[in-house]
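Trainee: Let me begin by handing over the structure; questions about it come next.
The values are calculated or read from the model by the stated rules, or taken from the named source; none is laboratory data. As the structure is a prediction and not an experimental result, all values here were calculated from the model. Quick reminder, even Gly has a Cβ in these numbers, built from the backbone with ideal geometry, and neighbours come from all protein chains shown. The protein model used for the area step is the full one, side chains on, heavy atoms only, and it has no ligands, DNA or RNA in it. Shrake-Rupley method; radii C 1.70, N 1.55, O 1.52, S 1.80 Å.
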Amino acid sequence: MRDIEAVDAVVIGSGPNGLVAANILADSGWSVLVLEAADEPGGAVRTGEITAPGFRNDLFSAFYPLGAASPVMAGLELERYGLRWRHAPEVLAHVLPDDRAVLLSRDLNTTAKSLETFAPRDGDVWRAEFAKWQRVRDHLLNAITRPFPPVRAAGGLARTLGPADMLRFVRMATLPVRRLGQEWFEGEGAKVLLAGNAMHTDLGPDQAASGMFGWLLSMLGQEIGFPVPEGGAGCLTDALVTRLTERGGRVECGRRVTKVLLAGNTAVGVQDVHGELMRAARAVLADVPAPLLYLDLVGEEHLPDRLVSDLEHFEWDDATVKVDWALTGPVPWIAQEAVLAGTIHLGGDVDGLAGISNDLACGRVPRNPFLLIGQMTTTDPTRSPAGTESMWAYTHVPRGQQWTADRLKRRADRIEQVIEKHAPGFRDLIKARAITGPAELQERNPSLVDGAINQGTSAIHQELVFRPVPGTGRADTPIDRLFLAGASAHPGGAVHGAAGANAARAALARGKWTGGAYLAMNRALNRILYQ
């Protein structure tokens, strides 16, 4: 066992949250070391050639509307470090079972006209909603990405809307997306567009707060699209690492942390899989899921009994199966709206999506899956040779099931059957494919436990002050100088960097000359919450 020199902060995990946290600390002059278990940094933001030579495939996440809109990411000015956003000609197409499709475009009139093919008045309703979004977006995004409670942002939102509209906005935020669509729109197109965007989480059309997720992603798509980093998702990671390195920070891969070191009730460093110790003079920040941090790296013997009990009720989101393809040409969609869209939703109307959600809740693999599809070369021509297409699709499956190679192959075949129905000749274009099941996702990134890509459900009972367990909704933990920086902390999943930024801000607050008062406040809150 080798004891290495101390740094101000050790960050466990080099996902986007961990790298954002490290950058913010380095900006304040802290010495920072990021330890990553994998052989390359990035967590779920990585790219590789896993299908055919010349085809760049995003291994996990791909489209980043919240990343492009996030005040946290904007503050890092990653474009100065090589990041360049690319857009498909159109944002998103939701293809219905009969091959009618609704189109989300960055051009407001194009989106409105698409909705009007389903119901003439829906275009004007959409325009009114987008106008409301433009009024509240800055306050809302700050509320989402700032530490809880977001007093200043919430105040700004309330002043902008006024008491009556604020009350109605809060009500809207609680609605299931089916109900939201029914209240606002007449046609099927707008309703299924909202519902499909809500399905980017693990929430079905009839679950509380799914309307807010559907509305938020739809408005982001309308405003800024669903952009991708030029060259692959990993180029976003490269920009974060480059920025950190220029400020003296370090990222060391192949160093899986196995233990958080404690002195009394204070985090003082970590131990890695090689038995090496790294001392942290000021903070340890963990970009890993809360159950892994608390139960594996800290140990329940060091935690309040009530917190350990709460963790037994932590709910993961659905498992995931993903297929990547190298295609010899563009996908021959029947629905022309899908031809130029970067993102495709395929798998049913609102009732069909509700049936899929119910199947998952009941532990059944849906016969007709909801597919979230990315046409990556359409979005970023650098992803594959000219005239070809790098494409992926993922679908949710129930947690806790065994996925053998043969079962994964059959699921991939079924996914291809669904696409073939809406794009005859698709299968003839397949040059190569790669199939990734829940176990493989976790093997590549241990934070994706059983293929859960959100580090915990997006359901309202595990958001805000309930994320990851009932508490303050902040990055602080019952262990002094230990901060939760991953997506199982508020505000949850997506590549926006907010959880990492919140953890970094908490660490900086603890490190100030007023840190004693900050510690006293946290200890008082912990006594109230857990004893």
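Trainee: Would it be correct to say that E129 is acidic (D, E), in a helix (DSSP H, G or I) and under 23 Å from H345 (Cβ atoms)?
Mentor: In short, yes.
Trainee: Taking the options A319, A354, A338, A326, name whichever one is farther than 26 Å from Q442 by Cβ and surrounded by 23 or more Cβ atoms within 10 Å (Cβ to Cβ).
Mentor: A338
Trainee: Just checking, how many residues over the range 91-113 are crowded, with 24+ Cβ neighbours inside 10 Å and either out of contact with any His (no Cβ under 7 Å at 6 or more places or on another chain) or not β-branched (V, I, T) (or both)?
Mentor: Looking only at that region, the number is 8.
Trainee: Select, from G492, G486, G451, the only residue that is closer than 30 Å to Q402 by Cα, buried (at least 18 other Cβ atoms within 10 Å of the Cβ), at pLDDT below 90 and of a type outside the set (S, T, N, Q).
Mentor: Sole residue among the options that is closer than 30 Å to Q402 by Cα, buried (at least 18 other Cβ atoms within 10 Å of the Cβ), at pLDDT below 90 and of a type outside the set (S, T, N, Q): G492.
Trainee: Here is a further query. Could you name every one of the helices (runs of 4 or more DSSP H) located completely within the range 285-384 that has at least 2 residues being of a type outside the set (V, I, T)?
Mentor: Because the criterion is at least 2 residues that are of a type outside the set (V, I, T), the helices (runs of 4 or more DSSP H) in the range 285-384 that meet it are 305-311, 350-361.
Trainee: Identify all residues within the range 1-17 that are closer than 19 Å to W30 by Cα and either surrounded by 24 or more Cβ atoms within 10 Å (Cβ to Cβ) or at pLDDT below 95 (or both); write none if there are none.
Mentor: Those that are closer than 19 Å to W30 by Cα and either surrounded by 24 or more Cβ atoms within 10 Å (Cβ to Cβ) or at pLDDT below 95 (or both): I4, E5, A6, A9, V10, V11, I12, G13, S14, P16, N17.
Trainee: Suppose the filter is open to solvent by 50 Å² or more (accessible area, probe 1.4 Å), farther than 30 Å from A412 by Cβ and aliphatic (A, V, I, L, M); does L307 pass it?
Mentor: So L307 fails the test.
Trainee: Return the pairs, sorted by first residue and then second, in which the second residue is small (G, A, S) and open to solvent by less than 10 Å² (accessible area, probe 1.4 Å), the first residue lies in the range 227-243 and is touching a residue at least 24 places away in the same chain (Cβ under 8 Å) and part of a helix (DSSP H, G or I), the beta carbons are less than 6 Å apart, and the residues are 6+ apart or on different chains.
Mentor: Between residues of the range 227-243 that are touching a residue at least 24 places away in the same chain (Cβ under 8 Å) and part of a helix (DSSP H, G or I) and residues that are small (G, A, S) and open to solvent by less than 10 Å² (accessible area, probe 1.4 Å), the close pairs are G234/G42; T237/G42.
Trainee: Ok, one more. For the subset of the range 426-482 comprising residues that are of a type in the set (S, T, Y) and under 19 Å from the mean Cα position of the chain (by Cα), which member is nearest to L327 (Cα to Cα)?
Mentor: The extreme case among them is T436.
Trainee: Is it the case that the range 108-128 has a residue that's without any contact (Cβ under 8 Å) to a residue 60 or more places away in the chain and within 21 Å of the chain's Cα centre (by Cα)?
Mentor: So far as the range 108-128 goes, no, none of its residues is without any contact (Cβ under 8 Å) to a residue 60 or more places away in the chain and within 21 Å of the chain's Cα centre (by Cα).
Trainee: Tally time: how many residues in the range 139-153 are in contact (Cβ under 8 Å) with a residue 40 or more places away in the chain and open to solvent by 60 Å² or more (accessible area, probe 1.4 Å)?
Mentor: Residues that pass the stated criteria total 2.
Trainee: Any residue in the range 70-86 that's closer than 16 Å to A494 by Cβ and among the charged types (D, E, K, R): show its pairings with residues that are open to solvent by 50 Å² or more (accessible area, probe 1.4 Å) and in a loop (DSSP other than H, G, I, E, B) at Cβ separation under 6 Å, as long as the two are six or more apart or on different chains.
Mentor: Going by the 6 Å Cβ cut-off, there are no qualifying pairs.
Trainee: If I ask for residues that are of a type outside the set (V, I, T) and touching a helix residue (DSSP H, G or I) at 6+ places or on another chain (Cβ under 8 Å), which ones from the range 64-75 would you list?
Mentor: Y64, P65, L66, G67, A68, A69, S70, P71, M73
Trainee: Name the single residue, out of those in the range 273-295 being closer than 20 Å to N17 by Cα and out of contact with any helix residue (DSSP H, G or I) (no Cβ under 8 Å at 6 or more places or on another chain), that is surrounded by the most Cβ atoms within 10 Å (Cβ to Cβ).
Mentor: Only one residue fits best here, namely V284.
Trainee: Turning to a different aspect of this structure: Could you please find all residues in the range 12-52 being part of a helix (DSSP H, G or I), of a type in the set (A, V, I, L, M, F, W, C) and touching a strand residue (DSSP E or B) at 6+ places or on another chain (Cβ under 9 Å)?
Mentor: Of everything in the range 12-52, those that are part of a helix (DSSP H, G or I), of a type in the set (A, V, I, L, M, F, W, C) and touching a strand residue (DSSP E or B) at 6+ places or on another chain (Cβ under 9 Å) turn out to be L19, A21, A22, L25, A26.
Trainee: With respect to G437, is the statement that it is open to solvent by less than 50 Å² (accessible area, probe 1.4 Å), touching a Phe, Trp or Tyr at 6+ places or on another chain (Cβ under 6 Å), closer than 22 Å to P291 by Cα and in contact (Cβ under 8 Å) with a residue 60 or more places away in the chain true?
Mentor: For G437, the condition - open to solvent by less than 50 Å² (accessible area, probe 1.4 Å), touching a Phe, Trp or Tyr at 6+ places or on another chain (Cβ under 6 Å), closer than 22 Å to P291 by Cα and in contact (Cβ under 8 Å) with a residue 60 or more places away in the chain - is met.
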